[in-house]
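Novice: For reference, the structure I am asking about is given below.
The values are calculated or read from the model by the stated rules, or taken from the named source; none is laboratory data. Keep in mind it's a predicted model, so treat the numbers as computed, not measured. Backbone-built Cβ (ideal geometry, glycine too); neighbour counts: all protein chains shown.
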Amino acid sequence: MTHQSNMANLLASTFMTYHSPITMIQAFNNNSFLFVKKNSYKKKNPRYNKHQSECLLFTYLKTPHLPKPKISCSNLPRKRRRGPISIRSTKPTEMVIANENKPNDSLKQGIADFYDESSGIWEDMWGEHMHHGFYEGSNGDTSDAYHRSAQIRMIEETLLFAGISDDSANKPKRIVDVGCGIGGSSRYLARKYGAQCQGITLSPVQAKRAQELAVAKGLDQVTFQVADALEQPFPNGEFDLVWSMESGEHMPDKQKFVNELARVTAPGGKIIIVTWCHRDLSPGEETLLKDEQVLLKKICNSYYLPDWCSSADYVKLLDSLNLQDIKVADWTDNVAPFWPAVIKSALSWKGFISLFKSGWKTIKGALVMPLMIQGYNKGLIKFAIITCRKP
Amino acid sequence: MRLLTHNMLSSNIKGVTNGFPLKIEAEKVMEKEVDFNPDFLRNMFYKIEWRPLVDAARTMGYAELPEEVEPSMLDSEDFLRRLHRALLQFHLEEGTLICPETGRRFPVVKGIPNMLLNEDEV
């Protein structure tokens, strides 16, 4: 678990360096971090709960080896205080648990709220592209610019893999960006091909921001709608290129998702899905191992993800719709530097302050980042690209 | 929301056989200058549904588009300019899009259409 011990060191050194009031007491086994805030709140505030310890315990995830205390966090930074918040280390209270038994409406609302809340901070720290960078080899560069260019490279490598032509006869003229975020891919593709691009997202905040950025960059042929990828507001066969960059993981019904993608693709058009998956199951395996399921569940809860599938599942679905030239690749190794870089940016002073200012959903998302690394390290989480053509 | 977008949006409510085109109820329309790009227009021309575009433009207050078109008109700069203005310059900032079959209203707020369906419409 090299990443994990590096993470712990990184956390420790970052906190120590900044002499912040937060001292990391302990990084537990693999599953949680305990942030301890020393404060003199007790002295200043006569209403301080006598039952609280002197330190603010902010424990997040279930740790089988520790007792599970019920903790009040009434002394979070004052600007954000809305009264005592009870944070249990079992299931955090305001969580939407996304699984196929809950109505999809609450998942959709959770996704919309999550991105409404966190898009701003992401854009501040990482810019307009809300996806992994593509890395090959390592040159030791860890600057922001390096990661930004890796995110651009991800788009280019994706187009290359899918065989998207850029000569004027064959290039895409109408593109849909399914799960468009703040429109990074939409704008990039529209500019590259001189094409019209529609983006859809569940988040009104994202749609608005995406539109603002398009207008600011003079990209008039790019527009955004608040819409559901599972019920796309487009007639059949509308688009030459159907682009889903890291949105597939949010779709609760993979079959419906793939059906919609195929429906809105024009004959001869191409579909590109770049997504997080779990590893392919071996022949004879019906499900993932128990501890693998537990790990994924934790990640799902924080990122408003429904159950995961594998890239083989996607291939099967595409094949069942008679789509042609189905290609799949495992790019897990090519995205490996990404999560450590995101964690590092979250632990920067700017990142930290921004997280505090954002909201609980964003903070939860940030706290679960080490689990993504763990998932990748275990060979459980894969980063896959699947492309095909509609005959 | 521009007319270029409107020409591609349709209602996907369960049971609806033809959800295109959506009727427009305009409350606030703005016109914004956009750079003229004839190549883009020529590419788009073949993919536009013409009748819905003309009707929608009229709802937004623009009646200068010809009723009938043919590809040779793409050589005329005047035609391209009108097409450009209709497709790209008029923005529906506030209003409603209405499903032609069910009458269901989709709001357009600050230029962004909200096409999300309710559970029972899916």
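Novice: Are there any pairs with C-beta distances below 7 angstrom linking a residue in segment B:30-46 that is basic (Lys, Arg) to a residue that is in a helix (DSSP H, G or I) and at pLDDT 90 or above, with the two at least 6 apart or on different chains, and if so which?
Specialist: B:Lys32/B:Gln89
Novice: Can you tell me which residues in segment A:101-120 are at pLDDT 85 or above and either among the hydrophobic types (A, V, I, L, M, F, W, C) or farther than 26 Å from A:Asn334 by Cβ (or both)?
Specialist: A:Ser106, A:Leu107, A:Lys108, A:Gln109, A:Gly110, A:Ile111, A:Ala112, A:Asp113, A:Phe114, A:Asp116, A:Glu117, A:Gly120
Novice: Okay, next question. Looking only at segment A:141-158, how many residues end up being surrounded by fewer than 19 Cβ atoms within 10 Å (Cβ to Cβ) and in a helix (DSSP H, G or I)? If you could, list the steps in order and put the result at the bottom.
Specialist: Step one: list which residues in segment A:141-158 are surrounded by fewer than 19 Cβ atoms within 10 Å (Cβ to Cβ), which gives A:141-146, A:148-149, A:152-153, A:156-157.
Still in the list and also in a helix (DSSP H, G or I): A:144-146, A:148-149, A:152-153, A:156-157.
So the answer is 9.
Novice: Moving on. Could you check how many residues of segment A:123-140 are within 13 Å of A:Ala341 (Cα to Cα), surrounded by 12 or more Cβ atoms within 10 Å (Cβ to Cβ) and either modelled with pLDDT under 90 or out of contact with any strand residue (DSSP E or B) (no Cβ under 9 Å at 6 or more places or on another chain) (or both)?
Specialist: Looking only at that region, the number is 5.
Novice: So which residues in segment A:193-218 are farther than 19 Å from B:Val108 by Cα and either surrounded by 20 or more Cβ atoms within 10 Å (Cβ to Cβ) or more than 10 Å from every other protein chain (Cβ to nearest Cβ) (or both)?
Specialist: Within segment A:193-218, A:Tyr193, A:Ala195, A:Gln196, A:Ala216, A:Lys217 meet the criteria.
Novice: Any chance you could count how many residues in segment A:278-314 are in contact with a helix residue (DSSP H, G or I) (Cβ under 9 Å, 6 or more places away or on another chain) and either in a loop (DSSP other than H, G, I, E, B) or more than 13 Å from A:Leu371 (Cα to Cα) (or both)?
Specialist: Within segment A:278-314, residues that are in contact with a helix residue (DSSP H, G or I) (Cβ under 9 Å, 6 or more places away or on another chain) and either in a loop (DSSP other than H, G, I, E, B) or more than 13 Å from A:Leu371 (Cα to Cα) (or both) number 14.
Per-residue answers, yes or no, for (1) surrounded by fewer than 14 Cβ atoms within 10 Å (Cβ to Cβ); (2) touching a Phe, Trp or Tyr at 6+ places or on another chain (Cβ under 9 Å):
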residue: B:Met44; (1), (2): no, no
residue: B:Glu70; (1), (2): yes, no
residue: B:Gly95; (1), (2): no, no
residue: B:Pro113; (1), (2): no, yes
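Novice: To continue, here is another question. Return the only residue of A:Pro235, A:Pro252, A:Pro267 being surrounded by fewer than 18 Cβ atoms within 10 Å (Cβ to Cβ) and either in a loop (DSSP other than H, G, I, E, B) or within 14 Å of another protein chain (Cβ to nearest Cβ) (or both).
Specialist: A:Pro267
Novice: In the list B:Ile48, B:Ile24, B:Ile13, which residue meets the criterion of being more than 12 Å from chain A (Cβ to nearest Cβ) and either surrounded by 14 or more Cβ atoms within 10 Å (Cβ to Cβ) or in contact with a strand residue (DSSP E or B) (Cβ under 6 Å, 6 or more places away or on another chain) (or both)?
Specialist: None of the others qualify; the one that does is B:Ile24.
Novice: Now, a different point. Is it the case that A:Lys357 is within 23 Å of A:Ile121 (Cβ to Cβ), charged (D, E, K, R) and out of contact with any Asp or Glu (no Cβ under 8 Å at 6 or more places or on another chain)? Steps first, please.
Specialist: Details: within 23 Å of A:Ile121 (Cβ to Cβ): yes; charged (D, E, K, R): yes; out of contact with any Asp or Glu (no Cβ under 8 Å at 6 or more places or on another chain): yes.
Yes, satisfied.
Novice: On to the next question. Quickly run through segment B:78-109 and pick out the residues that are touching a helix residue (DSSP H, G or I) at 6+ places or on another chain (Cβ under 6 Å) and either on the phi > 0 side of the Ramachandran plot or away from chain A (no Cβ under 12 Å) (or both).
Specialist: B:Phe79, B:Leu80, B:Leu83, B:Ala86
Novice: Residues being out of contact with any Asp or Glu (no Cβ under 6 Å at 6 or more places or on another chain), crowded, with 21+ Cβ neighbours inside 10 Å and more than 21 Å from A:Glu117 (Cβ to Cβ): count how many of those fall in segment A:178-192.
Specialist: The number of residues fulfilling the criteria is 5.
Novice: Looking at segment A:159-175 only, could you name the residues that are of a type outside the set (Lys, Arg) and either modelled with pLDDT under 95 or part of a loop (DSSP other than H, G, I, E, B) (or both)? Before you say what the answer is, go through the steps one by one.
Specialist: Of segment A:159-175, the ones of a type outside the set (Lys, Arg) are A:159-170, A:172, A:175.
Those that are of a type outside the set (Lys, Arg) and either modelled with pLDDT under 95 or part of a loop (DSSP other than H, G, I, E, B) (or both): A:Gly163, A:Ile164, A:Ser165, A:Asp166, A:Asp167, A:Ser168, A:Ala169, A:Asn170, A:Pro172.
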